[in-house]
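Enquirer: Sending over a structure as structure tokens; questions will come in a sec.
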Amino acid sequence: MMRKTVPDFEAMKQAGEKISMLTAYDYPSAQIVEEAGVDMILVGDSLGMVVLGYDSTVPVTMEEMIHHTKAVRRGAAQTFVVADMPFMSYATVELAIHNAGRLIKEGGADAVKVEGGIDIAPLVQTLTRAGIPVVGHIGLTPQTASQLGGFKVQGKDIESANQLLKDGQALEEAGAFSLVLEAIPRQVAEKITKGLRIPTIGIGAGVDCDGQVLVYHDLLGLFKRFKPKFVKQYAELRSVSIHSIQEYNKEVKSGYFPSEQHTFGLSDELIQKLYG
Ligand code: KIV
Ligand code: NA
């Protein structure tokens, strides 16, 4: 399968074909996501929580994002990769250009994602004009969750729903080629989606978005700290992993592992020569 390009995603929206996106953070997860046929990989700054054990996405650095994006690119050469710009890496336009360029050139990403609405539209325009494809992200924006009053559904009153519509419009006009909608009522997401030319990718935003995204560790049941309402867990790999490793541990202690099957030996003739 050929790696998709920016115009492919807009064409998918036009054709009414849903876009699937999933996060990946390293070589094996990227290989798995690519082999499963997902359209787009997100190297989310959620890696701060699900693979690095931070309490939020705020501490994630550019170096960490580049490190993980490179591994994902090696694992998924045929898949369109979006890398999150971490908190404070786009606090000014100059920083944004420099850091987005690094995610593309050093990390190997096809595009970057930034959190924010109309306020960051000029920044999105500068990045786009510099040749960097940009995905927007509005609604619940984890990097600034404390300003939003915590991890809460956004756009639940007229005023904030209207603001989200304006934000989406401004980001499209600024040149964003896609827009993540996180934790907003489905009716608001539907209205945003219908009003835009660019595809919306929802997480906790209902089925009317042009696509969906989930976090790898949530989908596979590898992360136990918390599980938002919008997560659908398709497997329970954490317990599968623990059971497998418990077995290994037991077999090492009992001497059952390694058996002949996993052991190298010498021929009888050689044993005779060496040890008489
Ligand atoms: O970091 C991430 O995984 C994200 C998705 C949840 C959209 O931003
Ligand atoms: Na993110």
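The values are calculated or read from the model by the stated rules, or taken from the named source; none is laboratory data. Model, not experiment: these values are computed from the prediction. Reconstructed Cβ throughout: ideal geometry from the backbone, glycine too, with neighbour counts over all protein chains shown.
Enquirer: Anything in the range 38-60 that is away from ligand 2 (no atom under 14 Å from the Cβ) and either farther than 13 Å from VAL81 by Cα or among the basic types (Lys, Arg) (or both)? List them, or say none.
Expert: Within the range 38-60, GLY53, ASP55 meet the criteria.
Enquirer: Going through the range 119-140 one residue at a time, which ones are within 22 Å of the chain's Cα centre (by Cα) and among the β-branched types (Val, Ile, Thr)?
Expert: ILE120, VAL124, THR128, ILE132, VAL134, VAL135, ILE138
Enquirer: From the residues in the range 196-221 that are within 16 Å of ligand 2 (Cβ to nearest atom) and in a loop (DSSP other than H, G, I, E, B), which one is surrounded by the most Cβ atoms within 10 Å (Cβ to Cβ)?
Expert: Ranking the qualifying residues of the range 196-221, first place goes to ALA205.
Enquirer: Does ALA77 satisfy being in contact (Cβ under 8 Å) with a residue 40 or more places away in the chain, away from ligand 1 (no atom under 15 Å from the Cβ) and assigned to a loop (DSSP other than H, G, I, E, B)? Spell out how you get there, then give the answer.
Expert: Numbers: in contact (Cβ under 8 Å) with a residue 40 or more places away in the chain: yes; away from ligand 1 (no atom under 15 Å from the Cβ): yes; assigned to a loop (DSSP other than H, G, I, E, B): yes.
Yes.
Enquirer: Oh, and also: Enumerate the pairs (first residue in the range 133-162 and surrounded by 24 or more Cβ atoms within 10 Å (Cβ to Cβ); second residue anywhere and polar (S, T, N, Q) and in a helix (DSSP H, G or I)) with beta-carbon separation below 7 Å, excluding pairs fewer than 6 apart on the same chain, so at least 6 apart or on different chains.
Expert: Hits for this filter: VAL134/THR128.
Enquirer: Does LYS105 satisfy the condition of being farther than 26 Å from GLU190 by Cα and among the basic types (Lys, Arg)? Steps first, answer last, please.
Expert: Values: farther than 26 Å from GLU190 by Cα: yes; among the basic types (Lys, Arg): yes.
For LYS105, the condition - farther than 26 Å from GLU190 by Cα and among the basic types (Lys, Arg) - is met.
Enquirer: Something else: Just to verify a result, which residue in the range 80-90, among those that are within 12 Å of ligand 1 (Cβ to nearest atom) and assigned to a loop (DSSP other than H, G, I, E, B), is nearest to LEU103 (Cα to Cα)?
Expert: Checked the range 80-90; the qualifying residue nearest to LEU103 (Cα to Cα) is MET85.
Enquirer: Between VAL231, VAL188, VAL207, which is more than 17 Å from the chain's Cα centre (by Cα), more than 28 Å from ALA96 (Cβ to Cβ) and of a type in the set (Val, Ile, Thr)?
Expert: Exactly one residue qualifies, and that residue is VAL207.
Enquirer: I've got another one for you. Quick check on the range 93-100. Is at least one of its residues within 22 Å of PHE9 (Cα to Cα) and of a type in the set (Gly, Ala, Ser)?
Expert: Within the range 93-100, one or more residues are within 22 Å of PHE9 (Cα to Cα) and of a type in the set (Gly, Ala, Ser).
Enquirer: Something else now. Take the range 39-74 and flag every residue that is within 16 Å of ligand 1 (Cβ to nearest atom) and among the charged types (D, E, K, R).
Expert: Scanning the range 39-74 gives ASP39, ASP45, ASP55, GLU64.
Enquirer: Here are some residues: LYS191, LYS227. Which one is surrounded by 11 or more Cβ atoms within 10 Å (Cβ to Cβ) and more than 30 Å from TYR54 (Cα to Cα)?
Expert: Going through LYS191, LYS227 in turn, the sole match is LYS191.
Enquirer: Might you let me know whether the range 44-61 holds any residue that is more than 24 Å from ARG225 (Cα to Cα) and at pLDDT 95 or above? Let's see the steps before the verdict.
Expert: Initial filter on the range 44-61 (more than 24 Å from ARG225 (Cα to Cα)): none.
Scanning the range 44-61 turns up no residue that is more than 24 Å from ARG225 (Cα to Cα) and at pLDDT 95 or above.
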